[in-house]
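Quick one: structure below, then a few questions.
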Amino acid sequence: MQLAEERRQHIVDTVERHGKVLAAELAQRFNTSEDTIRRDLRDLDAAGLLRRVHGGAMRRTRAEPGFAQRLDADAARKAMLARALADSVQPGDTVLVDAGTTNLAFVRLLEDGRAAAIVTNSPQIALGLGHLRATRVVLLGGTYSAHSGAVLGAQTVAEIQRLRVNLAVVGVCSVEADRGLGASDAEEAVVKQAMLAAGGRRVVAALNDRLEAPAPFLIAPLGEIDRLVLEADAAPSVLARLRRGERAPEIVLAAPVAGKGRA
């Protein structure tokens, strides 16, 4: 029989890696009762090692770092997602790119001229594409938020609503199978909703810690995107839930080096 200390350490490690655990899955994994798991989660919450929520637990959240602090974090993992995102661009596309450090890594991979135009609400992305000559770069207007590294607000939304692009690449804070895509800020959520509405094809990329990690503001159900790019080691149980339903998006698993997994 596994010691309670070992079981609890495994729970903490899983939360740190995946952002969230479900009590029912833990009970099955450890061949114990959900009551036992709930006691574990209650004690771990009291110790400050995770945050207990209905049905399980999630990583304790600190104030989300700003764009500059996020720039170098998880660079290798973001590079994997970026390569998969680049495969979504077809020659001659007009691409609407949301602010975000993964999206910045993505646009830097595009050869000059592959996209006819890149439209973005991120000054950092626009500046990062200053070397392009065959691809037109368009920066949307609005009020700049240093925290998100994006321009936001009514002007930004109005400009997006006048667009019709081939591809929209939208950043999210959360991907939940039941609720959909989430954002941590209400103003950002409105901009992201407008971006999805403007896209002929709509793609989202997310690191493992964004999966099943609740965010306060809903952007859209999963059925409103066409492709979801995830890390190759995303939890199988989460992938199974994301694949449910007739309108589930195509899931692309970004491999570390050679090739990409598709589902």
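The values are calculated or read from the model by the stated rules, or taken from the named source; none is laboratory data. What you are looking at is a predicted structure, and each value in this text was computed from that prediction instead of being measured. Because the Cβ atoms are built from the backbone with ideal geometry, glycine has one as well, and the counts that use them run over all protein chains shown.
Checking Gly171 against (1) over 17 Å from the mean Cα position of the chain (by Cα); (2) at pLDDT 95 or above, only one condition comes out false. Which one?
Gly171 satisfies all of (1) over 17 Å from the mean Cα position of the chain (by Cα); (2) at pLDDT 95 or above except (1).
Would you tally the residues in the stretch 1-21 being part of a loop (DSSP other than H, G, I, E, B) and among the β-branched types (Val, Ile, Thr)?
0
Which residue pairs have Cβ atoms closer than 9 Å, lie 6 or more positions apart in sequence or on different chains, and pair a first residue in the stretch 179-195 that is free of Cβ contacts under 8 Å to residues at least 60 places away in the same chain and over 25 Å from Arg244 (Cβ atoms) with a second residue that is in a loop (DSSP other than H, G, I, E, B) and among the hydrophobic types (A, V, I, L, M, F, W, C)?
If the second residue must be in a loop (DSSP other than H, G, I, E, B) and among the hydrophobic types (A, V, I, L, M, F, W, C), the pairs left are Asp185/Cys173; Glu188/Ala99; Glu188/Cys173; Ala194/Leu163.
Name every residue in the stretch 228-243 that is under 24 Å from Ala76 (Cβ atoms) and touching a helix residue (DSSP H, G or I) at 6+ places or on another chain (Cβ under 9 Å), in order of residue number. Before you say what the answer is, go through the steps one by one.
Taking the stretch 228-243 and keeping what is under 24 Å from Ala76 (Cβ atoms), we get 228-236, 238-239, 242.
If the condition is that a residue be under 24 Å from Ala76 (Cβ atoms) and touching a helix residue (DSSP H, G or I) at 6+ places or on another chain (Cβ under 9 Å), then Leu228, Val229, Leu230, Glu231, Ala232, Asp233, Ala234, Ala235, Val238, Leu242 are the ones that fit.
Let me ask something else. Restricting attention to the stretch 22-77, report how many residues are part of a loop (DSSP other than H, G, I, E, B) and at pLDDT below 80.
Start the filter on the stretch 22-77 by keeping residues that are part of a loop (DSSP other than H, G, I, E, B), which leaves 31-33, 47-50, 54-55, 59-66, 71-74.
Restricting the remaining residues to those that are at pLDDT below 80 gives 47-48, 54, 60-66, 71-74.
Summing the residues that are part of a loop (DSSP other than H, G, I, E, B) and at pLDDT below 80 in the stretch 22-77 gives 14.
Among the listed residues Thr102, Thr94, identify the single one that is part of a strand (DSSP E or B), crowded, with 16+ Cβ neighbours inside 10 Å and either modelled with pLDDT of 95 or more or not small (Gly, Ala, Ser) (or both).
Values: Thr102 fails: part of a strand (DSSP E or B).
Exactly one of Thr102, Thr94 is part of a strand (DSSP E or B), crowded, with 16+ Cβ neighbours inside 10 Å and either modelled with pLDDT of 95 or more or not small (Gly, Ala, Ser) (or both), namely Thr94.
Residue by residue through the stretch 126-140, note down the ones that are assigned to a loop (DSSP other than H, G, I, E, B) and more than 14 Å from Ala99 (Cβ to Cβ).
Gly130, His131, Leu132, Arg133, Ala134, Thr135, listed by residue number.
Taking the condition of being in contact with a helix residue (DSSP H, G or I) (Cβ under 8 Å, 6 or more places away or on another chain) and buried (at least 16 other Cβ atoms within 10 Å of the Cβ), how many residues in the stretch 109-143 meet it?
Selection size over the stretch 109-143: 13.
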